[in-house]
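Notes to accompany the following structure.
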Amino acid sequence: MMSFTLEQLNARLAERAKAAPSESYTAKLLDKGVEKCAQKLGEEAVEAAIAAVTHDRDGLIGEAGDVLYHLLVTLMAAGVELDAVMAELESRTAQSGLAEKAARQEGDL
């Protein structure tokens, strides 16, 4: 089983972000701003969805990697720490997704 984590990827990307845009794709994306980073994230998400619905397992694996990479780059560009996202996810584990959704819908009434 692979033990590579999002935290490790995020740390690697933070290092690459310090390089010159001519030397690092990550730095190049960040140099173009959050709009370009978000655009790339959206493109990769669509490609992942297409791979999923066409039952292209290998394609989905590759595209999922691209989505995670571009999500982390977009978070960096927007000044959002991965720890904040992980804390949000952790807070959602206190109850089932169905119970959480029902509570939100009750609050909307």
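The values are calculated or read from the model by the stated rules, or taken from the named source; none is laboratory data. What you see is a predicted model; the values in this text were computed from it and never measured. Glycine also receives a Cβ, built like all others from the backbone with ideal geometry; neighbour counts cover every protein chain displayed.
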Screening L60, L71 for residues that are crowded, with 16+ Cβ neighbours inside 10 Å, in a helix (DSSP H, G or I) and touching a residue at least 24 places away in the same chain (Cβ under 8 Å) leaves only L71
From the residues in the range 3-23 that are assigned to a loop (DSSP other than H, G, I, E, B) and under 19 Å from the mean Cα position of the chain (by Cα), which one is farthest from V85 (Cα to Cα)? S3
When (1) surrounded by 11 or more Cβ atoms within 10 Å (Cβ to Cβ); (2) modelled with pLDDT under 95; (3) among the aliphatic types (A, V, I, L, M) are applied to A99, the one that fails is (1)
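Would you mind finding the one in A48, A38, A20 that is at pLDDT 95 or above, surrounded by fewer than 17 Cβ atoms within 10 Å (Cβ to Cβ) and under 15 Å from L71 (Cα atoms)?
Numbers: A48 fails: surrounded by fewer than 17 Cβ atoms within 10 Å (Cβ to Cβ); A20 fails: under 15 Å from L71 (Cα atoms).
The match here is A38.
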Here is a list: R92, R104. Which entry is in a helix (DSSP H, G or I), out of contact with any Leu (no Cβ under 7 Å at 6 or more places or on another chain), closer than 21 Å to E7 by Cβ and among the basic types (K, R)? R92
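For A84, are the conditions met, namely being within 15 Å of the chain's Cα centre (by Cα), free of Cβ contacts under 8 Å to residues at least 40 places away in the same chain and over 15 Å from L29 (Cβ atoms)?
Numbers: within 15 Å of the chain's Cα centre (by Cα): yes; free of Cβ contacts under 8 Å to residues at least 40 places away in the same chain: yes; over 15 Å from L29 (Cβ atoms): yes.
So A84 passes the test.
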